[in-house]
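Report on the structure given below.
The values are calculated or read from the model by the stated rules, or taken from the named source; none is laboratory data. Computed from a prediction, not measured in an experiment: that's the story for all the values here. Positions of Cβ are backbone-derived with ideal geometry, glycine not excepted, and every protein chain shown enters the neighbour counts. What goes into the accessible areas is simple: the full protein's heavy atoms, side chains included, and nothing from ligands, DNA or RNA. Shrake-Rupley method; radii C 1.70, N 1.55, O 1.52, S 1.80 Å.
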There are 2 protein chains.
Amino acid sequence: MDVAKVLIAGDWRKANSDSTFQAENPATRQQLPTPFPISNWKDCDDALAAASHAAQDLRKIEPERIAAFLEAYANNIESSAAQLIEAAHEETALPISPRLKDVELPRTVNQLRQAAAAAREESWKHAALDLKLNIRSCFAPIGPVVVLGPNNFPFAFNGVSGGDFAAAIAVGNPVIAKAHPLHPNTTRLLAEEALKALATAGLPMATVQMIYQLSNEDGLRLMSDPRVGAIAFTGSRPVGLRLKEAAESAGTPVYLEMSSINPVIFLPGALAERGDQLAQELADSCLAGSGQFCTSPNLILLPQSDATETLLQKVATIFKDRPSQPLLSSGGREHLSQGVTALRDAGAQLVTGGDIADGPGYRYANTLLRTTAQHFLSSNKALQREVFGNATLAVTATDPAQLLEVIQSLEGNLTGSIYSSNSGTDDVVYDQLAPALRQHVGRLLNDKMPTGVAVSPAMNHGGPYPSTSHPGFTAVGIPTSLTRFAALQCYDNVRQSRLPNVLKDKIENPATWRLIDGTWVQG
Amino acid sequence: MDVAKVLIAGDWRKANSDSTFQAENPATRQQLPTPFPISNWKDCDDALAAASHAAQDLRKIEPERIAAFLEAYANNIESSAAQLIEAAHEETALPISPRLKDVELPRTVNQLRQAAAAAREESWKHAALDLKLNIRSCFAPIGPVVVLGPNNFPFAFNGVSGGDFAAAIAVGNPVIAKAHPLHPNTTRLLAEEALKALATAGLPMATVQMIYQLSNEDGLRLMSDPRVGAIAFTGSRPVGLRLKEAAESAGTPVYLEMSSINPVIFLPGALAERGDQLAQELADSCLAGSGQFCTSPNLILLPQSDATETLLQKVATIFKDRPSQPLLSSGGREHLSQGVTALRDAGAQLVTGGDIADGPGYRYANTLLRTTAQHFLSSNKALQREVFGNATLAVTATDPAQLLEVIQSLEGNLTGSIYSSNSGTDDVVYDQLAPALRQHVGRLLNDKMPTGVAVSPAMNHGGPYPSTSHPGFTAVGIPTSLTRFAALQCYDNVRQSRLPNVLKDKIENPATWRLIDGTWVQG
């Protein structure tokens, strides 16, 4: 079978490549037929050159055309939904329904459309005008953005269609996407739709480029190339940290979403009030997507009590009874297995699961582990290991003081949840714990599981290091996620006719919010 | 004489130190009497522990008290102005008037008062409310901020009183300031006023701490300590890059303002129209503060023409006629001298100056160098060296295309200026050059010199790498400069009574701008 082509400078072209890889259907363990190229540096160099030109051209283009592209692309994805869903299901084994068809694909086109609306509205530019001094500033495109998507969202976080992509494009940057090697064909199909949409909207054809895979060496070289404006990555911490070092050595902003164990804390009053319901909620959240979510609860903190034992028993029963689902890959199961072993080696006790599971594909038994807060504190680093998949660790504490100590020992996380009673009996403890948890998480939840990340302007899908590389930014939530891919540009005493439209005294766009002499004004 | 004490945890205490240094009066070359300690790690460790506690306490404190501190501090500085100005003049040789007394000190208290107003208003928090989903987010303190000020602004950029300090405090972070070793006594006096103001406002006494100097090793260790929330540095590129690497290895946001040659471009029409006036403006800007400003024009781009020759002659005459002023230090003059030598070694021709100058203190002759654009392009890296002081390089281009090539070859800069004719004859060339210059600078100016950075919400004192470490942030301009020291914090389904005041449905502060369901609303 022919080697798949890469998308560079508007053309599907033969890759500069010495080797190939093939994806697999993880549900059947069957290798899929198409060979995909591992590109040489020449492909990166060509893509960077084309992206640099596209970046220049995009700066002259009206936001309306960028919005039109994003909308055309969303429409194309919907038109090709059947084929895309089939490809993604084949490469990831993620369920078609409820997931790829009725959750992830709609979310993806929704993100693209929200990004289009943000591009059109222009409020994300945070135009600030000091009319007296004639100093004006706004956010503007940062330059070509390299997006590296994760394994777990073939659409919604894909480098060529996901949230980072949508945000980078909405700002007016070209994107060079690197496909995740677990779903290259899905990525190829998406890129085809993107290319058609570029033609429809009349954007530079190198606005969207896509390669499949690189050697580690070329990958790091790409991170540190001075033509790159910014980098977005979602994936594992070890890989993220290597990319970070390479990017930062060149002074390039790099936004990484790396790891999170998402502590969920149950207070005594909540357990007394609705323990059964909470067990169900917790189990559903832990097993959603086989636990292969950035926000999957990996760490559950509870008081030592009969109610906790009842809850853990119920969770264990659900874990045992619910068939485990195929994981994304053999490697993913291997990592999960190693992670569970590492937690057990660090002293966590197995409640249920703890081994590979029967059934087609790569399955691992739904796994619940437990330990005491005292032990967690003594093996603190080892027990904070992110175990990506359907496994979670429950930690029981003798009293709120010990719970607080556990919270204070946590690394940075994307989320942290506290369940408390509706009657107010947990309020004193909540007030002790929440301020500490607040400092360790990007999103603090009450009475809600962290899985399911709404695309809202108020969302923060970010958090303190090492959950991400910068606590001031979010990867989800439009338009706030756009700022990552923007540079602040100031105009001092610049003549009216030479200003970008958004900074002129009078603006044509009635939707744009601007900060004029300290007051927010629309239109 | 007794060794000066460091300010740690609210007390002036004997430093943990094995060695000391003394400052010098650069106007007289006389060593000043007070020995200042080079602190050991123990001082850093104590300061970090105290700052961590202060950070927790500050999170519970109303913005009003933070504002009250900043205002009390500003008042104290004004009350002690005579003593502060004398100390700063003695340590820096900067003129009392017009500079320390009537420019820099007023600017410093103005910054503190603007920061107070921003803290009180709370709009910098960018509170975003999604009422339907009950998701809310805002910026919040990032944790203890280490501020390292530069040599050239003893008040306005001082680690314990300058713009970075004011921004970090306004957000609600404690600051650990490292004095610049060229003006330790000024810094000590400022810290005394800060400490009094902390008591007045009732803030935690470790909100402001100050040490004088550290070994390189301890300095890098401080950068990478996990208790540090963020770092701000203004200074040289070699030092900045070392701090950057240390901070980033720990995942800590680090905001560096490192170097800039601030290109100023004169187009033919402008030269024809007002060449004499431009020569004067240029010379004044180059020699202001003996050229020891981040925004001093180090690179002048001009067309090859008689008008250019006339302008350069006039600039040379002013450079020759105006007595050079004392530089900040012997080391500064040595760097300046090395820089001029390096430019000459790289092929720049000396027009005037080029050697140390007579007079008390450390003076260097006002220096003008020149070369052709063709040569500049051939020795591009060497000729973009920042020469900190009263020296500047003029580059003449045969045509606009060559000018464009020079602009495209530039590293990231804080500023870039274009002078064009009022009659419109330069407009075609302007439109060719400005888009390229725009991408290499943080602030684009028309018909205006870059020196003099207004403290305006629309200001950007930032720029692409390596002028700073991140193109999305500004070091000057309140409230925009505050965002550097803030983390994005989201509240998902959190009960109303548990939300921070700024995120509640109803807000008491009538001044605060918030983004509620996509609309900016005040109060």
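Quick grid of which residues meet (1) open to solvent by less than 20 Å² (accessible area, probe 1.4 Å); (2) touching a helix residue (DSSP H, G or I) at 6+ places or on another chain (Cβ under 7 Å):
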{"site": "A:A475", "(1), (2)": "yes, yes"}
{"site": "A:T480", "(1), (2)": "no, no"}
{"site": "A:A487", "(1), (2)": "yes, no"}
{"site": "A:C490", "(1), (2)": "yes, no"}
{"site": "A:A511", "(1), (2)": "no, yes"}
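Which count do you get for residues in the stretch B:221-242 that are buried (at least 24 other Cβ atoms within 10 Å of the Cβ) and either within 18 Å of the chain's Cα centre (by Cα) or within 19 Å of B:A156 (Cβ to Cβ) (or both)?
Count: 5.
Conditions tested, residue by residue: (1) over 30 Å from B:W124 (Cα atoms); (2) over 24 Å from the mean Cα position of the chain (by Cα); (3) at pLDDT below 95.
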{"site": "B:D11", "(1), (2), (3)": "yes, yes, no"}
{"site": "B:P33", "(1), (2), (3)": "yes, yes, no"}
{"site": "B:F36", "(1), (2), (3)": "yes, yes, no"}
{"site": "B:H53", "(1), (2), (3)": "no, yes, no"}
{"site": "B:E71", "(1), (2), (3)": "no, no, no"}
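Has the stretch B:90-104 got any residue that is under 30 Å from B:V494 (Cα atoms), more than 10 Å from chain A (Cβ to nearest Cβ), part of a helix (DSSP H, G or I) and not charged (D, E, K, R)?
For the stretch B:90-104, residues under 30 Å from B:V494 (Cα atoms), more than 10 Å from chain A (Cβ to nearest Cβ), part of a helix (DSSP H, G or I) and not charged (D, E, K, R): absent.
Can you work out which of the residues in the stretch A:466-504 that are within 33 Å of the chain's Cα centre (by Cα) and β-branched (V, I, T) is farthest from B:Y430 (Cα to Cα)?
Residue satisfying both the conditions and the ranking: A:T468.
Only residues in the stretch B:342-360 that are of a type in the set (V, I, T) count as the first member; pair them with residues that are open to solvent by 60 Å² or more (accessible area, probe 1.4 Å), Cβ under 8 angstrom, at least 6 apart or cross-chain, and list the lot.
Within 8 Å, the pairs are B:T352/B:K320.
Do the conditions hold for A:A82, that is, is it open to solvent by 50 Å² or more (accessible area, probe 1.4 Å) and over 20 Å from A:P181 (Cβ atoms)?
The answer is yes for A:A82.
A quick yes/no check of all residues on (1) among the charged types (D, E, K, R); (2) open to solvent by 10 Å² or more (accessible area, probe 1.4 Å):
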site: B:I96; (1), (2): no, yes
site: B:K132; (1), (2): yes, yes
site: B:N152; (1), (2): no, no
site: B:N158; (1), (2): no, no
site: B:D164; (1), (2): yes, yes
site: B:V175; (1), (2): no, no
site: B:K196; (1), (2): yes, yes
site: B:Q209; (1), (2): no, no
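If a residue must be more than 7 Å from every other protein chain (Cβ to nearest Cβ) and over 18 Å from B:G149 (Cβ atoms), how many such residues does the stretch B:469-479 contain?
Residues that pass the stated criteria total 1.
Every residue, every condition in (1) farther than 22 Å from B:E281 by Cα; (2) touching an Asp or Glu at 6+ places or on another chain (Cβ under 8 Å); (3) buried (at least 22 other Cβ atoms within 10 Å of the Cβ), yes or no:
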{"residue": "B:A401", "(1), (2), (3)": "yes, no, no"}
{"residue": "B:V406", "(1), (2), (3)": "yes, no, yes"}
{"residue": "B:S423", "(1), (2), (3)": "no, yes, no"}
{"residue": "B:P471", "(1), (2), (3)": "yes, no, yes"}
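Within the stretch B:127-138, does at least one residue satisfy the condition of being part of a helix (DSSP H, G or I) and farther than 16 Å from B:N152 by Cα?
No, there is no match, as no residue in the stretch B:127-138 is part of a helix (DSSP H, G or I) and farther than 16 Å from B:N152 by Cα.
Any residue at all in the stretch B:435-446 that is open to solvent by less than 20 Å² (accessible area, probe 1.4 Å), over 30 Å from A:G416 (Cβ atoms) and charged (D, E, K, R)?
yes
Can you tell me which condition B:S39 does not meet? The list is (1) more than 30 Å from B:P360 (Cβ to Cβ); (2) without any contact (Cβ under 8 Å) to a residue 24 or more places away in the chain, and all the others hold.
Among (1) more than 30 Å from B:P360 (Cβ to Cβ); (2) without any contact (Cβ under 8 Å) to a residue 24 or more places away in the chain, the lone unmet condition for B:S39 is (2).
Given the criterion closer than 30 Å to B:I478 by Cβ and not charged (D, E, K, R), identify the matching residue among A:S224, A:S137, A:S161, A:S215.
Of the residues listed, the single one that is closer than 30 Å to B:I478 by Cβ and not charged (D, E, K, R) is A:S137.
Kindly check whether there is at least one residue in the stretch B:496-506 that is farther than 30 Å from B:T415 by Cα and buried (at least 21 other Cβ atoms within 10 Å of the Cβ).
Yes; the residues of the stretch B:496-506 include at least one that is farther than 30 Å from B:T415 by Cα and buried (at least 21 other Cβ atoms within 10 Å of the Cβ).
For the stretch B:105-126, how many residues are of a type in the set (D, E) and not in a helix (DSSP H, G or I)?
Going through the stretch B:105-126 one residue at a time, the tally reaches 1.
Given the structure, is B:Q56 in contact with a helix residue (DSSP H, G or I) (Cβ under 8 Å, 6 or more places away or on another chain), over 18 Å from B:S161 (Cα atoms) and either of a type in the set (A, V, I, L, M) or open to solvent by 10 Å² or more (accessible area, probe 1.4 Å) (or both)?
Considered against the rule, which asks whether it is in contact with a helix residue (DSSP H, G or I) (Cβ under 8 Å, 6 or more places away or on another chain), over 18 Å from B:S161 (Cα atoms) and either of a type in the set (A, V, I, L, M) or open to solvent by 10 Å² or more (accessible area, probe 1.4 Å) (or both), B:Q56 comes out as yes.
Would a scan of the stretch B:494-511 turn up a residue that is facing chain A (nearest Cβ under 7 Å) and assigned to a strand (DSSP E or B)?
no
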